[in-house]
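Report on one structure; see the data block that follows.
Read-outs: derived from the displayed coordinates by stated rules, not from any lab. These figures come from a predicted structure and were not determined experimentally. Note: ideal-geometry Cβ built from the backbone for every residue, glycine included; neighbour counts use all protein chains shown.
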Amino acid sequence: MTAAPAARPVPQPGIMEISPYVPGESSVPGGLKPIKLSSNETPLGASPKAIEAYRALATELERYPDGSALALRKAIGGVYGLNPDRLVCGCGSDELLNLLAHAYLGAGDEAVFTEHGFLVYKIVTLGNGAKPVVVKTKGRRTDVDAMLAAVTPRTKVVFLDNPNNPTGTYIPFDEVRRLHKGLRPDILLVLDSAYAEYVKRNDYEAGIELVATSENVVMTRTFSKIYGLAGLRLGWLYGPEQIVGVLNRIRGPFNVTAAAIAAGIAAVEDKAHVEASVAHNDKWLPWTAAAIEKLGLEVTPSVGNFILITFPTAGGKDAATADNFLKSKGIIMRRVAAYGLPNSLRMTIGTAEDNHAVVAALAEFVGRK
Ligand SMILES: Cc1ncc(COP(=O)(O)O)c(C=O)c1O
């Protein structure tokens, strides 16, 4: 006897286990002008050249974009020294993470990532019927030994955000190589280098050389952070020929808009704007971290454009109370309980004025006015 049909359409296994992604908030009650530090956006905005390129496109909206985004891939290739044939662009790096999971994960498979890994890893893993295998960190840093110990015959993908969002910690590239060496060749290592442009450490690499010399490593990048194009949704991936061929088969034929292509080319080629963003972060990341630490709050050392602030659990000074207090001053940080960090808030480095406002508000919150 065949089973009676369900009363309504039933989604694929895993989908209903997903907790929908909650983006950073952008408004505060009471009509205050918000200081939005919840999504790691750049305080410098997009390159004026990218804004101009975007505007210039307004008269051509009836045209489809170039489905392969060739001019953009050539521009990225030129700036980063990469073969454009080995690049795939996407509607944010989120889309690329989704496509990778769709191509390489299915029922019975496992994907490994850390307990503080970017939330999208879990979403795309469950969304493709696979099992998330969540690995403990050591001092909020990726623990390569623990990652390797979590690998089973069912592992198909390892996701690594380096630097990690939301902790801001990173692992030196020797450690990434050690992780790669310990993986079977049929396991895909996804190096998510969304914050690579901000990192100033001699032992850090975004992953270009490892991708170039391996068959099972890809690197994803984004235009949402240092390039200031989060609203346009644009990301890119560098990968081996075979994986690029797989992604080009399953991506939407026009997955990147004409506006994103035009603005992306101008943004990636505006080196002065990128340098200004790096210089701003180099100045304000240490300033903000030190000023908040001086208030007696714990700040996890970060190499990105954001910091993780941890609050005491007792004495009415916990993260939830701090979040509400900050909001009453118009300041929006990111709650990170969903990342296993219920006592912390993540703050994006803002303008000089924003950072001063945060330090003043936190001083008031902890009673050190
Ligand atoms: C680690 C990490 N990867 C990927 C992304 C997604 O970026 P995009 O805007 O390109 O989808 C983010 C955004 O917050 C991130 O923090």
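What to note about this one:
- Peptides 221-229, 316-324, 297-305, ordered by how many other C-beta atoms sit within 10 Å of their residues on average, highest first, read 221-229, 297-305, 316-324.
- Convex hull projection area averaged over all views, the stretch 8-78, Cα basis, nm²: 10.8
- When the P(r) is computed for the stretch 79-196, the part past 21 Å accounts for 35% of the Cα-Cα pairs.
- Residues considered: Gly127, Gly67, Gly264. Largest GNM mean-square fluctuation over the chain, using C-alpha springs under 10 Å, is found at Gly67.
- Kirkwood radius for the stretch 292-369, taken over all pairs of different Cα atoms as the inverse mean of 1/r, rounds to 12.5 Å.
- Pairs beyond 29 Å (Cα-Cα), from Lys33/Lys283; Lys200/Lys317; Lys36/Lys122; Lys138/Lys294; Lys49/Lys74: Lys200/Lys317
- Estimated translational diffusion coefficient (Stokes-Einstein, Kirkwood radius over Cα pairs, 37 °C, 0.692 mPa s) of the stretch 68-127: 248 µm² per second.
- Shape class for the stretch 138-261: oblate, because the ratio a/c of the largest to smallest gyration tensor axis (alpha-carbon atoms, square roots of eigenvalues) is 1.5 or more and b/c is at least a/b.
- Overall form of the stretch 170-224 per C-alpha gyration tensor (a/c, 1.5; a/b vs b/c): oblate
- Note on the stretch 232-322: Cα-only Rg and Dmax are 20.4, 56 Å.
- Cβ-derived FRET efficiency at R0 41 Å, Ser19 paired with Thr152, nearest 0.05: 0.95
- Sorted from longest to shortest, the spans of the Cα atoms of the stretch 328-369 along the three principal axes equal 30, 24, 15 Å.
- Longest to shortest principal axis, alpha-carbon extents of the stretch 38-141, angstrom: 48, 32, 29
- Relative packing of 54-63, 210-219, which averages over residues the other C-beta atoms within 10 Å, highest first: 210-219, 54-63
- The stretch 213-369: translational diffusion in µm²/s, Stokes-Einstein, Kirkwood Rh over Cα pairs, 20 °C, 1.002 mPa s: 118
- Intensity falloff of the chain expressed as log10 I(q)/I(0), Debye formula with alpha-carbon point scatterers, at q = 0.06, 0.09 Å⁻¹: -0.23, -0.53
- The order of the peptides 357-366, 28-37 by mean Cβ neighbours within 10 Å, most packed first, is 357-366, 28-37.
- Approximate spin-label separation Ala6-Thr351, in nm, with each point projected 7 Å along Cα-to-Cβ: 4.9
- For the stretch 188-281, the direction-averaged projected area of the alpha-carbon convex hull comes to 6.8 nm².
- Inter-centroid distance (Cα atoms) of the stretch 125-204 relative to the stretch 11-82, Å: 24
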